[in-house]
Amino acid sequence: MTWQTVFNPFSKFSEKQLLSIGILSFIVNSVVCFYTSTKMDSIFHFSPQPDLLLANAFIYVTISTVTATLFLFLLALLFNKKTRFVDIVNTVLLSQAPNFLVLLCIKFSGLETMAKTVNTSNGAVPSLDLNTIAIVPFLIGIVLMLALIVYGFVLIYNGFKTATNLKKGLHIGLFILFLFLFTLFHQIYIHYLNL
């Protein structure tokens, strides 16, 4: 397995293989969202949701995945009319595959516990009482989590680039801008769903 295979599997595997892995990661992400009581607000964004039901976890992941797929497909058609829908589906599904590991890193690295203990709403500077033993898994979790998030963005970029044959710098810039705007917009409107 080469670095090309890891960072751009879209050019190495068949669409059926990619779709199978994507569907499996979709299911795993939904179950891990339920386990960690975290709802998927948008692709690459999660929020705590106490008492999240398994069905609702699947609904949030489905809504985020479907809307991202439709949005990116419409954007892809602006760049290349021959873009295939299945390539965009695979791009979105595979780019979300690292998310379950990110959620587990948050849960088991101590970040979740630390976030609950830090209270900045009273205006005072929060104090963290960390010992050396507690900081090591926290730092390892942060580094691993950041690497996985970057990897997800690399996958969505490489998948979109492969699906659309994207080469122009302007198109790449527009893709990044519109992806960012979509993620922000999606986080806002999904909160109005009463699930």
Fill in the blank from the handout: proj_area_mean for the range 1-79 (convex hull on C-alpha atoms), units nm², value 6.4 nm²
Handout entry: Along the chain, longest interval not containing exposed trypsin sites (Lys or Arg not before Pro), exposed being DSSP loop plus at most 16 other Cβ atoms within 10 Å
Key = 85-166
Completion exercise
Once the in-chain neighbours fewer than 8 apart are removed, the lysines whose Cα is under 29 Å from Lys107 read Lys39, Lys116
Completion exercise
Taking only protein heavy atoms and a 1.4 Å probe, the highest-to-lowest accessible-area order of Val92, Val154, Val143 is Val143, Val154, Val92
Completion exercise
Distance in nm between Ser47 and Val66 label points, each 7 Å along Cα→Cβ, equals 2.0 nm
Problem - Label-point gap, in nm, between Ile140 and Phe180 - each point 7 angstrom along Cα→Cβ - result: 3.4 nm
Practice task
Just reorder His191, His45 by solvent-accessible area, largest first, 1.4 Å probe, all chains present.
Solution key: His191, His45
Problem - Of all accessible heavy-atom area on the chain, the percent that carbon and sulfur account for (1.4 Å) - result: 71 percent
Problem - Over the range 141-195: Rg over Rh, Cα atoms, Kirkwood Rh - result: 1.09
Fill in the blank from the handout: Judged on accessible area alone, 1.4 Å probe, highest first, Leu75, Leu53 line up as Leu53, Leu75
Exercise for the section: State the dimensionless ratio Rg/Rh of the chain (Rg: radius of gyration of Cα atoms; Rh: Kirkwood radius). Expected result: 1.01
Practice task
Might you tell me the accessible area per residue for the chain, computed with a 1.4 Å probe and given in Å²?
Solution key: 57 Å²
Problem - Relative contact order (%) - the chain, alpha-carbon pairs under 8 angstrom, separation at least six - result: 29 percent
Completion exercise
Phi-derived 3J(HN,Hα) across the range 150-157 with the Karplus relation (6.51, -1.76, 1.60, θ = phi - 60°), rounded Hz, x for Gly and Pro, is 4, 4, x, 5, 4, 5, 5, 5
Exercise for the section: Please give the contour-minus-distance gain from Thr2 to His191: 0.36 nm per residue of separation, less the Cα-Cα distance, rounded to one decimal in nm. Expected result: 64.0 nm
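The values are calculated or read from the model by the stated rules, or taken from the named source; none is laboratory data. The shown structure was predicted, so the numbers you read here are calculated from the model rather than taken from an experiment. All Cβ positions, even for glycine, are placed from backbone atoms using ideal geometry, and neighbour counts span all protein chains on display. Each accessible area value is taken on the protein alone, full model and side chains, heavy atoms only, with ligands, DNA and RNA left out. Shrake-Rupley method; radii C 1.70, N 1.55, O 1.52, S 1.80 Å.
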